């Protein structure tokens, strides 16, 4: 009748990580000021990790969390001030705990060295109790965790509790383990245990999962009845529990000397006895936790931790989204049955149903679209999954570098596709680190420049059109134009006498191997950053740009598609071929007025659109396709915006708009300049999707090449 | 021959008497063969969607049950005289593999599919060096069937190091 707990492990680990996230973010807000609700949340998270890990048998995790919990409990009750060192220590503990959980998840030997170290620190803090509680001395064995218990009553006075505990036979079937309760009790104070085995049946009649024993426990120390009751809270209902207070003084002398040893042997005995009797108890070792730990540490010391990521590909989906999906499928089924009904009517020669059929098909279309949207919604997760790591990162880095930085995040709830979310993490970390390291100056430098000492780092996320925009901005030093230019010339990226716009120069930092940091720090400066950021973001079909004002800070803007699978497209015809332009990039489409077209040097064509001159790109020419229209007035102009630049794409005709499923050309072929992918149209033919920035780039390259060859000829 | 013999051994279909099977097709009266296990399917010519700025031998892409597959004209690539496509013109869809990209599916346009031959390793003669577009690098060997010569292609080499490599080296200009 045993239950295989391992199938719940994944859920447990997921919950652990979730809890750890809650603890971490909670602790980070504690940084700014004490908030009782926040401490409660942290405490609850710690508590459930402790409970979960104990029931799944991860005793290392549970005992470690217990110490944290004790500290948090004191903070919760207001018995301990929330101070910076304590928050730091707790954050460190969260890290340790996370590594322990990760190790457990990957079935690895936990490296307990660090855990033991941090736990000792925690215990040390606990020993320096918030109040000057004198009871510390009275408990000789398990000093740390008991020091804080029961300061409210019986201060400085020793007391003896007698606990008569007779569990129901079915207690262990409910997953409760008396040995565990006793161990916790032992932590509260020294204890003597007497077991009553009278109810034990003959061995042959013994039901191994039933409990036949009862105990009389004597607890010597300053303990609140409440605390004792709490430990029994799970079993209280199905057991006989009598807690009586023996008068305090009698225990005084017992308290020292033999009591400790007695306590341990006494608790050890019943277990051993029971184990030999067909083990009605799970074979948990009864040992003081600290010894347990040191033994494990010694064992684990030699095994270096190898990080094998066993990442599961699961996502947690809001139940509302799933419900919406189920509704949608329901509607789809109804539409389908309606359509089959109509078609059988039609087959029977009923003519007037044709109209109904068309209606039905319209409905089917709508259902399909809605279904598609809901399915995509499932993959959408708030960007806070990616943002959540930054408060910690910024805090650690700024402490390390001695800078004061305030992090402001907005739009954490903006939703993005999971794939996008996963891939945007690293580039964002890079950008944030860059801002911290190169952007924001040291406090005294800032003061000298007349800025507030604390720098501001802002992370914004918002939707714009079908894109998600993520901005990382700082109010730091900004980019140094001269330095950038010098470096670029040094690297041969630009020639010395070239006239460059600020924008162009700023974006030079995305070139490979470009770093202007004077010194390489361990945070950044090796010059492998920005080009990788750009490449990662380009891979996602997005782009990245930077604006900066020297002395005032810089802003990096990342533009990403919401999803990687589907695109709203405008179909356009060039010659006999259909091309697709992403609707997101289109500003407007128009028929050109002849008097608004002008040329420069007889080559570059410009269209004057409301006081703005827009270069015209003949898409057919750039793509090397024969277009039907040569005369600009006969075709149409699609005004698009890309990389902050507006251009007009000259096409033969516009066909219609539809959502298209993006198919990669790279799967079976390779990347094609000016084309971002392909799709399959309703008639089964392939249509290519125009990559607007790539097309513009290619157009300008062509122009440059043409003018170069012209000069060469001249 | 630079081909990796292990790889070919693995994928070749051996008949009971130790012969490999090759599908042969015609290109301007020459008969070429490819390992039959690399052939995914054979379909009629049905037009392509041209891709921008591609060399002449890359005709474009087609929709093969939802995947986009590039189509290559081997006549053009081998610098043979071009002919108008007619109803015997077929596309042989082959699977090629290389370390960098894994397995890719491509179609090659040929005049007509001929037949399937069983050819043993010992029957393959090494091709003499002759220069030209189809360098010996892409030829696994020459076989004789009756009085005809069969040119057995190493399709991986031909596609990866020939047809597609040409794209990497000289970017097409407009």
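Mind checking whether some residue in the range A:673-685 is at the interface with another protein chain (Cβ under 10 Å from one of its Cβ atoms) and in contact with a helix residue (DSSP H, G or I) (Cβ under 7 Å, 6 or more places away or on another chain)?
Yes, because at least one residue in the range A:673-685 is at the interface with another protein chain (Cβ under 10 Å from one of its Cβ atoms) and in contact with a helix residue (DSSP H, G or I) (Cβ under 7 Å, 6 or more places away or on another chain).
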Any chance the range B:103-119 includes a residue that's without any contact (Cβ under 8 Å) to a residue 24 or more places away in the chain, within 14 Å of chain A (Cβ to nearest Cβ) and surrounded by fewer than 16 Cβ atoms within 10 Å (Cβ to Cβ)? yes
Name the helices (runs of 4 or more DSSP H) wholly inside the range A:362-462 in which the number of residues that are touching a residue at least 40 places away in the same chain (Cβ under 8 Å) is 2 or more. A:384-387, A:390-401, A:418-434
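Test residue A:688 against the criterion of being assigned to a strand (DSSP E or B) and within 12 Å of another protein chain (Cβ to nearest Cβ), and give yes or no.
Yes; evaluated as a whole, the condition is true for this residue.
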So is residue B:149 modelled with pLDDT of 85 or more and surrounded by fewer than 17 Cβ atoms within 10 Å (Cβ to Cβ) or not? yes
Filtering the range B:62-82 down to residues that are free of Cβ contacts under 8 Å to residues at least 40 places away in the same chain and away from chain A (no Cβ under 13 Å), which residue is nearest to residue B:135 (Cα to Cα)? B:76
Would you mention how many residues in the range B:50-59 are surrounded by fewer than 23 Cβ atoms within 10 Å (Cβ to Cβ) and at the interface with chain A (Cβ under 8 Å from one of its Cβ atoms)? 3
Kindly establish whether residue B:92 is at pLDDT 90 or above, more than 9 Å from chain A (Cβ to nearest Cβ) and either surrounded by fewer than 22 Cβ atoms within 10 Å (Cβ to Cβ) or in contact with a strand residue (DSSP E or B) (Cβ under 6 Å, 6 or more places away or on another chain) (or both). yes
Looking only at the range B:17-49, and only at residues there that are at the interface with chain A (Cβ under 10 Å from one of its Cβ atoms) and crowded, with 20+ Cβ neighbours inside 10 Å, the one that is nearest to residue A:579 (Cα to Cα): B:49
Of (1) within 25 Å of residue A:537 (Cα to Cα); (2) at the interface with chain B (Cβ under 8 Å from one of its Cβ atoms); (3) outside any strand (DSSP E or B), residue A:701 satisfies all except one. Which? (2)
Matching option when the condition is buried (at least 22 other Cβ atoms within 10 Å of the Cβ), at pLDDT 80 or above and within 30 Å of residue A:222 (Cβ to Cβ), among A:89, A:71: A:71
Odd one out for residue B:143, checked against (1) farther than 27 Å from residue A:579 by Cα; (2) within 14 Å of chain A (Cβ to nearest Cβ): (2)
Of everything in the range A:17-58, what is in a loop (DSSP other than H, G, I, E, B) and more than 18 Å from residue A:395 (Cβ to Cβ)? Give them in sequence order. A:56, A:57, A:58
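Looking at the range A:608-633, which of its residues are over 47 Å from the mean Cα position of the chain (by Cα) and closer than 24 Å to residue A:578 by Cα?
Residues satisfying the conditions are A:626, A:627, A:628, A:629, A:630, A:631, A:632, A:633.
The values are calculated or read from the model by the stated rules, or taken from the named source; none is laboratory data. Quantities reported herein were computed from a predicted structural model and do not represent experimental measurements. Note that we place each Cβ from the backbone using ideal geometry, even for glycine, and neighbour counts take in every protein chain shown.
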